[in-house]
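Heads up, the thing below is written out as structure tokens.
The values are calculated or read from the model by the stated rules, or taken from the named source; none is laboratory data. All figures in this text were calculated on a predicted structure; none of them were measured in a lab. Cβ sites come from the backbone with ideal geometry, for glycine too, and all protein chains shown count toward neighbours. Ligands, DNA and RNA are stripped out before the accessible areas are found, and what is left, the full protein with its side chains, is counted by its heavy atoms. Shrake-Rupley method; radii C 1.70, N 1.55, O 1.52, S 1.80 Å.
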Amino acid sequence: MQKSKFVLATLLCAASIFAFAKPAGKAKFVSPRKILWTTEVKDEFSQPLLKDEWRDEVLKSVNWDYPGLENAKKLYLANDKKGAALAFAKYLRSRKIPSLFRESLQRIDKKRAYEGVNYIWTYGANSHQFPNQKIDWFYNKTKEIPGMTDFEWQWQLNRMRWFAAMAAAYQVDKDPRWATAFVRQLRSWAAICGPAPAKHANGRDSIWRGIEQGLRLANFWAPAFYGFLSAPEFKDEDIILYCYLGLIQSRHLQKFTNTGNIYVMEMNGVLTFNSMFPEFKESKAARALAINGLYTNVNKMLLPDGFLNELTNSYHGGVIGDMLHAFRIANDCGVGDELPKDFIALLERAYDAQVHMMTPAFDMPLTNDSRHTKLFERFSAAVKYFPHREDFKWVHSNRKAGKHPEYLSTVMPWAGFVIMRESWDKEASYLCFDVGPLGMRHQHQDKLNIAIWKGQDMLLYDDGGGSYARSMVRKYTLSSLAHNLISVDGKWQSTSTGGDKYRILREPLKNVLISDGKTDYAKGIFDQGWGRDRNGNNKYVVQERQVLYLRPNLFVVLDRMIPVRNGVKKPHLYQARWHVDTLKVLPALDGHPALITTPESSISNKDNERARKNRNRLIVAPLFTKDLKVETVSGKSKGDWTTLGGVYAVHPFRVTTTITHTFPKVKGEKRFLTLFVTLGNKEANPLKSIVQKGNDGAVVEFTDGRKLNVSIDKKGKLSATVK
């Protein structure tokens, strides 16, 4: 075995680490006066730029019979439009901050606030400071980096997520520079980005993509509006400008909608704006449309087992958050009676799905496009709205209150995930096995993938896909090559993404998991083909994967590669790829290709909480070793995404290790039999010997005298015992 040299230096540089500061909560915030600009720019954005037609559109939309608008109404009826607008703005300044935003304004993201007031935008690893206090809303820094174009950089620039952070900072120290930056940027966006387009605008370089509009209205602009409402720098004309921009975005979102989680964010924006401003004649109808859309679509998107049909933990959590936001803002603004009585109740099964799938770290497996999460922080609302659930209390309290579930291993029959767990203890072993469909969005070609955790550490990893940059790393992470799977003749899984047939299940999985409390067994099949040839005839090998778990820490995986159709006629090259989050692996057994990971993480960023030097460890031991070639790959590429290996794509992007098990080309069925052993960081290596028994089994002897007997019967069924 020989570790490959690092040849991804360019990519690593392009995706260099940029640590994010944690929110400071209610801690005292000190305005960074000494490092703010010293000379205020005087230009077209220094004064309000409300156009007459924008003001008139707002006034035309107001219900002048709304209580409290009597004085403004008189001025409007007298055709004093300027006076009516100023009176309407004065009326809006008397608003109380909804409790939802009052809470968010108490959480200060210092880094985000500092960047916003200094016209700096950072997305992922790429940061840019706009000169002369002017933001080019169409600029995309990643286009300047070869092979790393990421349209999300410019799209998310237009979310202005720093607005809320600056408003929170202003609430603490009242430094006028926060408000000055906010109004300059609001005016700039209005002037540069123009009126709403008369069409769907979700293409590249757009500032009118639906997801941005929804997030602006609900999550970033709304708390900023309240946070700066008392600021003298936020002029009356700016308040009317805010109303105009909100109105045209709300209307555009109602006319041009998307699907899935994006639709939920869009309707959340519509509901938020029209709950905040019930004075507009169209607000009630807009709220009704948004409420019905949220309720109907989320009810449909949540599968009967509770998991989001997109099969990604990040967007699953996002939909929960959007529904909670919608519920809170409607009630905070006095229109909660317009919600269905069970509006929030449908989330119980969404929280329940998270409990079923959660890892010992209170994290979620990184299925499809996903990121790490901390469920105990996210379950505060679950405890509030579902007080009868003792398991929700247990999660939220980080094991200090309530009760953990009675079940251990479980199956999500509609989402298609099998979870095998040792216990609910924080240092337990855990495996997630994907036996289901692709999901409705954010799909990865990864059926039969497994990920293994012990305690806080994901040892055999699925990195969740990384950023959405159009790079070779992104192509790689979407493929089965980046997952713990097997390639055929160098090709990867190629399930069609064109129809619901492969995206969702029409009926639940049955008899997938067999468990007696001591051992768990599950099986899955992949039969959709590998790569593409000119004729599209790529279904020449079927993979059957069986996973057997023997508590507390032994996982045996059998992969049967079975040629079918034209594939029977020729030999095939098979390679198993196992991705471990470390830069160093060592021999686990003299004279045998078994490897053991080391306690050092591959993460070099000391500020990252997962950069642990005492990580738990994993043994990766092939039990069928005749003619097997075992290699390790770290950060390797020959310039093509299909040759990548040892790459962890989620920020901070880093080099890891991919262990490859490769057999020579062979005709007929080929079997991989692999043992995974999870170990504590100080636990001794338990392996003593491994002996292959033909093509039907193996015997593993441990240093404590136990023997693991693994066998495969005539029908190809895996079984094992430990004595």
(Q) Past the 16 angstrom mark, what percentage of all C-alpha to C-alpha distances in segment 263-343 do you count? (A) 47
Q: Could you work out the Kirkwood radius for segment 198-269, taking every pair of different alpha carbons, averaging 1/r and inverting it, reported in Å?
A: 12.9
Q: Quick one: angle between helix 162-173 and the longest Cα principal axis of the chain, in degrees between 0 and 90, rounded to 10, please.
A: 60
Q.
Treating only the Cα positions of segment 55-210 as identical point scatterers, give the base-10 log of I(q)/I(0) from the Debye formula at each q in 0.12 Å⁻¹.
A. -0.71
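With +1 assigned to the C-beta of every Lys and Arg and -1 to the C-beta of every Asp and Glu, and no other charges, what is the dipole magnitude of the chain about the Cα centre in debye, to the nearest 20? Walk me through the intermediate numbers first.
Working: 106 positive and 74 negative charges, 264 e Å.
It works out to roughly 1260 debye.
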Q: Tabulate in residue order the Karplus-calculated ³J(HN,Hα) for segment 580-590, using 6.51 cos²θ - 1.76 cosθ + 1.60 with θ = phi - 60°, rounded to whole Hz; enter x for Gly and Pro.
A: 10, 8, 7, 9, 9, 10, 10, x, 9, 7, 4
Q) Can you give the helix-only mean residue ellipticity at 222 nm for the chain, where every DSSP H stretch with n ≥ 4 adds -39500 (n - 2.57) and the sum goes over all residues, rounded to the nearest 500 deg cm²/dmol? A) -9000 deg cm²/dmol
Q: Quantify, in whole percent, the carbon and sulfur part of the accessible surface of segment 109-267 (1.4 Å probe; protein heavy atoms only).
A: 53
Q) What FRET efficiency would be calculated for the residue pair D590, D136, taking the C-beta separation as r and a Förster radius of 56 Å, to the nearest 0.05? A) 0.35
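Can you pull the semi-axes for segment 495-577, root of five times each eigenvalue of the Cα gyration tensor, sorted largest first, whole Å? Don't skip to the answer; put the middle values down first.
Working: eigenvalues 167, 72, 19 Å².
Over the Cα atoms of segment 495-577, the ellipsoid semi-axes are 29, 19, 10 Å.
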Q) Can you list residues whose amide H is under 5 Å from T359's amide H, if they're 5+ apart or on another chain and H is modeled 1.01 Å from N? A) M364
Q: Per residue of segment 500-508, in order, report the coupling 6.51 cos²θ - 1.76 cosθ + 1.60 (Karplus, θ = phi - 60°) as ³J(HN,Hα) in whole Hz, putting x for Gly and Pro.
A: 5, 3, 9, 8, 9, 8, 8, 8, x
Q: Work out the charge dipole of segment 347-502 with +1 on the Cβ of Lys and Arg and -1 on the Cβ of Asp and Glu about the Cα centre, then indicate which of G455, F362, V411 is farthest towards its positive end.
A: F362
Q. So what is log10(I(q)/I(0)) for segment 464-538 at q = 0.17 1/Å, when the Debye sum runs over its Cα atoms only?
A. -0.92
Q: Could you run the Debye sum over the Cα atoms of segment 242-307, one equal point scatterer each and no solvent, and tell me log10 of I(q)/I(0) at q = 0.23 Å⁻¹, two decimals?
A: -0.90
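What Kirkwood Rh does segment 84-129 have if only Cα atoms enter the pairwise 1/r average? Answer in Å. Walk me through the numbers before you get to the answer.
Details: mean 1/r = 0.0738 Å⁻¹.
Kirkwood hydrodynamic radius for segment 84-129: 13.5 Å.
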Q) Roughly to the nearest percent, how much of the accessible area of segment 477-552 is carbon and sulfur, given a 1.4 Å probe? A) 46
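Please give the direction-averaged projected area of the C-alpha convex hull for segment 661-723, in square nanometres with one decimal.
5.6
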Q.
Kirkwood hydrodynamic radius, computed over distinct alpha-carbon pairs, for segment 417-474: how many Å, to one decimal?
A. 13.0
Q: Before anything else, pin down the relative contact order of segment 281-353: Cα pairs under 8 Å, at least 6 apart, normalised by residue count, whole percent.
A: 37
Q) Where the centroid of each part is defined by its Cα atoms, how far is segment 280-306 from segment 515-575 in Å? A) 41
Q. Quick one: what does P(r) look like for segment 381-526 with 5 Å bins over all Cα pairs, in whole %?
A. 2, 9, 14, 16, 18, 16, 13, 7, 3, 1, 0
Q: Could you name the lysines whose alpha carbon sits less than 17 Å from that of K569, not counting residues in the same chain fewer than 8 places away?
A: K539, K665, K667, K670
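Over 18 Å, how big is the tail of the calculated P(r) for segment 304-453, in percent of all Cα pairs? Spell out each step's value before the answer.
Values: 6377 of 11175 pairs.
That tail contains 57 percent of the Cα-Cα pairs.
With 32 Å as the limit, write out which pairs from K74/K174; K491/K613; K134/K281; K96/K341 have Cα-Cα distances beyond it, or answer none.
Values: K74/K174 34 Å; K491/K613 36 Å; K134/K281 35 Å; K96/K341 26 Å.
Flagged as over cut-off: K74/K174; K491/K613; K134/K281.
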Q. Tell me, what % of the accessible area of segment 306-356 is carbon and sulfur with a 1.4 angstrom probe?
A. 50
Q | Length added when fully stretched, D500-T721, from 0.36 nm per residue minus Cα-Cα | A | 75.5 nm
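Would you mind computing the Rg to Rh ratio of segment 439-588 from its alpha-carbon coordinates, Kirkwood style for Rh? Walk me through the numbers on the way to the answer.
Working: Rg = 16.7 Å, Rh = 17.2 Å.
Over the Cα atoms of segment 439-588, Rg/Rh equals 0.97.
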Q) Binned at 5 Å from 0, what are the whole-percent values of the Cα-Cα distance distribution for segment 453-504, short to long? A) 4, 16, 18, 20, 24, 11, 5, 1
Q.
Just to confirm the number: angle between the C-alpha axis of helix 52-61 and the first principal axis of the chain, 0 to 90 degrees, nearest 10?
A. 80
Q. According to the Cα gyration tensor, what semi-axes, each the square root of 5 times an eigenvalue, does the equivalent ellipsoid of segment 121-235 have, listed from largest to smallest in whole Å?
A. 25, 17, 13
(Q) How much of the pair distance distribution for segment 606-723 lies past 19 Å, counting alpha-carbon pairs only, in percent? (A) 62
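With contacts defined as alpha carbon pairs under 8 Å and 6 or more residues apart, what's the relative contact order of the chain in percent? Each step should come with its number before you reach the end.
Details: 1452 pairs, mean separation 75.3, N = 723.
Averaging sequence separation for qualifying contacts and normalising by length gives 10 percent for the chain.
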**Q.** Average accessible area per residue (Å²) across the chain - probe 1.4 Å, nucleic acids and ligands excluded
**A.** 41
Q) Quick one: Karplus J couplings for segment 354-367, per residue in order, coefficients 6.51, -1.76, 1.60, θ = phi - 60°, nearest Hz, x for Gly and Pro? A) 5, 5, 4, 9, 5, 8, x, 8, 6, 9, 10, x, 8, 6
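What whole-number volume per residue, in cubic angstrom, does the convex hull of the C-alpha atoms of the chain give?
Values: hull volume 118.1 nm³, N = 723.
Taking only Cα atoms, the chain has a hull volume of 163 Å³ per residue.
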